[in-house]
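The values are calculated or read from the model by the stated rules, or taken from the named source; none is laboratory data. Here the structure is a predicted model, which means the values were calculated and not measured. When we count neighbours, we look across all protein chains shown, and the Cβ atoms used for this are built from the backbone with ideal geometry, even at glycine.
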Amino acid sequence: MGRNGVNALLKLASLTPLMETYPSDTTELAFSFDTLSSITNMLEHAYGPHGGRGLALRVGRACFNYGVRQYGTQLGLTEMAFRLLPLPMKVSAGAKIFAELFNNFTDQRVRVEEEGGKLLWHIERCPLCWERKSQDPVCHLAVGLLQEALYWLSGGKVFNVEEQTCIASGDPACTIVIDQTPIF
């Protein structure tokens, strides 16, 4: 999107103060759910449903890459013992570690469960669809983040990751279903 695209999006979302100063890169909770939800909503309005979804997926992937650099060592993700785990164990353990990260450092509430060869990533308090209404799931940024996390954890394998329920659609939680077996 570039700086001009981001500024145009922030202006459309009535978030012009962010144009000059982005929030600091700390664990301080300076970025509200309203702000994040407005930005993801405006992506869809500015670029259409498909273009906004594609951009949100790419943003999610980029967020993971920045996050793993900042928190990877602290969470034990870069330790040799973790990296050498068999893939199914690494995916399961990684999901629990990521959920703990979100629960400890954000206002999100994430719960992970395993069911029939799938991981269910439940976001019970979601900043991406905060106070939004939609017929379809809209938490594409979270899907992109999880896709990239799985790609990184598996050493380059691709997994099916799909949001099935969404608070914006009236569901009690946003649930992202992850096949534990890679597509390729």
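Computed values, structure above
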{"read-out": "Residues of segment 84-111 that turn out to be farther than 24 Å from Ala30 by Cβ and either outside any helix (DSSP H, G or I) or polar (S, T, N, Q) (or both), as a count", "value": "5"}
{"read-out": "Residue in segment 96-112 that is of a type outside the set (Phe, Trp, Tyr), modelled with pLDDT of 95 or more and over 15 Å from the mean Cα position of the chain (by Cα) present", "value": "no"}
{"read-out": "Qualifying residue in segment 73-81 (condition: in contact with a Leu (Cβ under 6 Å, 6 or more places away or on another chain), within 23 Å of Thr26 (Cα to Cα) and free of Cβ contacts under 8 Å to residues at least 40 places away in the same chain)", "value": "no"}
{"read-out": "Hey, Gly67 crowded, with 16+ Cβ neighbours inside 10 Å and closer than 29 Å to Gln180 by Cβ or not", "value": "yes"}
{"read-out": "Test: Gly117 is at positive phi and either at pLDDT 95 or above or among the hydrophobic types (A, V, I, L, M, F, W, C) (or both)", "value": "no"}
{"read-out": "Subset tally (residues that are in contact with a Pro (Cβ under 8 Å, 6 or more places away or on another chain) and in a helix (DSSP H, G or I)) for segment 151-184", "value": "3"}
{"read-out": "Filtered residue count, segment 1-55, keeping only those that are assigned to a helix (DSSP H, G or I), more than 18 Å from Cys126 (Cα to Cα) and of a type in the set (D, E, K, R)", "value": "3"}
{"read-out": "Top-ranked residue in segment 116-150 [being part of a loop (DSSP other than H, G, I, E, B) and of a type in the set (A, V, I, L, M); ranked as farthest from the chain's Cα centre (by Cα)]", "value": "Val138"}
{"read-out": "Given (1) in contact with a helix residue (DSSP H, G or I) (Cβ under 7 Å, 6 or more places away or on another chain); (2) part of a helix (DSSP H, G or I); (3) more than 24 Å from Glu131 (Cα to Cα), index of the condition Gly72 fails", "value": "(1)"}
{"read-out": "Meets criteria (at pLDDT 90 or above and hydroxyl-bearing (Ser, Thr, Tyr)) for Tyr47", "value": "yes"}
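To keep it simple, each residue is scored yes or no on (1) surrounded by fewer than 23 Cβ atoms within 10 Å (Cβ to Cβ); (2) within 18 Å of Pro86 (Cβ to Cβ); (3) in contact (Cβ under 8 Å) with a residue 12 or more places away in the chain.
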residue	(1), (2), (3)
Pro137	no, no, yes
Ala142	no, no, yes
Leu145	no, no, yes
Glu148	yes, no, yes
Gly155	yes, yes, no
Ser169	yes, no, yes
Pro172	yes, no, yes
Thr175	yes, no, yes
Thr181	yes, yes, yes
